[in-house]
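The values are calculated or read from the model by the stated rules, or taken from the named source; none is laboratory data. The model shown is predicted, which means the values in this text are computed figures rather than measured ones. Methodologically, a virtual Cβ is constructed for each residue, glycine included, from the backbone with ideal geometry; neighbour enumeration extends over all protein chains shown. All accessible areas refer to the heavy atoms of the entire protein, side chains included, with ligands and DNA or RNA removed. Shrake-Rupley method; radii C 1.70, N 1.55, O 1.52, S 1.80 Å.
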Amino acid sequence: MGNKLILLDQDGVLADFELGVRRSWQQKFNQPIPLGERHHFYLRDDMPEKYHQALHQVYASRGFFARLPPIDGAIEAAQQLLHAGHDVRICTSPIMAYQYCMAEKFDWVRQYLGEAWLRRVIITKDKTWVRGDILIDDKPCISGSLSPQWQHWLYDQPYNRSVAARHRVCWRKPDSWRYLLD
Ligand SMILES: [Mg+2]
C-alpha cells in the first residue's frame with residue numbers, strides 16, 4: 001500500500017479512556033463505576049442520570065488524561081505505521097472541560113510515543129477540517145461542518161459493535177490493519 005496520511009484518534013484508539021474512567025472512579029469514590037453493558041459511545045448514556053455529575057468530575061480531574069493507560073498494541077501499531085512510511089498524525093478533540101485535558105493529551109503522547117510525536121498532534125473540535133486519507137476513530141459517526149476527505153475506519157470497541165462499518169480496526173487483530181504496512 002502506498003504512503004498514506006493516517007489520522008489516529010487518541011481516546012479509545014491509542015489511550016484507554018474507558019479503563020481510565022473505571023480506575024479513576026474506583027479510586028475517587030472507593031467503589032466500582034455503576035456501568036453495565038456498553039451500548040452507547042458516551043459513557044453517560046449507559047449510566048443513570050444521577051451519576052452524570054460524578055462522571056464529569058472524574059474526567060475533568062487533574063491527571064485523568066495524563067494517566068490513561070495505552071490500549072493494547074496501540075503504541076507499537078502507531079510506531080510501525082510511521083516506520084512503514086505513512087505520515088501518521090494524532091487527531092484528537094479535547095473535552096469541553098479543557099483545562100487539564102489539553103495539556104495532558106500532549107503529556108500522554110510524550111510519555112508513550114516520545115518527544116518527536118508532539119509535532120504530530122492535531123487538536124481540533126471538528127475533524128472534518130483535517131485532511132487525511134484514513135481516520136481511525138472509535139466514534140461511530142463523525143460529523144462536522146465540512147465534507148470529510150478521509151475515509152473513516154472504525155476502531156473496534158464494545159460500545160460501537162452494533163454499528164455497521166466498512167472497515168473495522170483492532171490493533172490486536174492483524175488482519176484488520178497490518179496490510180497498511182506492506
Ligand atoms: Mg475516540
- request: Give Y155, Y159, Y179, Y112 a once-over and let me know the one that is of a type in the set (S, T, Y) and touching an Asp or Glu at 6+ places or on another chain (Cβ under 6 Å).
  value: Y155
field: Residues that are over 8 Å from the mean Cα position of the chain (by Cα), of a type in the set (A, V, I, L, M) and either within 11 Å of the ligand (Cβ to nearest atom) or surrounded by 22 or more Cβ atoms within 10 Å (Cβ to Cβ) (or both), drawn from region 5-20
entry: I6, L7
field: Any strands (runs of 3 or more DSSP E) falling wholly within region 87-147 and containing at least 2 residues that are more than 17 Å from P69 (Cα to Cα) and open to solvent by 20 Å² or more (accessible area, probe 1.4 Å)
entry: 87-92, 121-123
- prompt: Quick check: anything in region 41-54 surrounded by fewer than 16 Cβ atoms within 10 Å (Cβ to Cβ), within 16 Å of the ligand (Cβ to nearest atom) and outside any helix (DSSP H, G or I)?
  reply: yes
message: Quick check on region 129-139. Is at least one of its residues more than 16 Å from the chain's Cα centre (by Cα) and free of Cβ contacts under 8 Å to residues at least 40 places away in the same chain?
response: yes
- prompt: Can you tell me how many residues in region 142-159 are in contact with a His (Cβ under 9 Å, 6 or more places away or on another chain) and either of a type in the set (D, E, K, R) or over 14 Å from M1 (Cβ atoms) (or both)?
  reply: 5
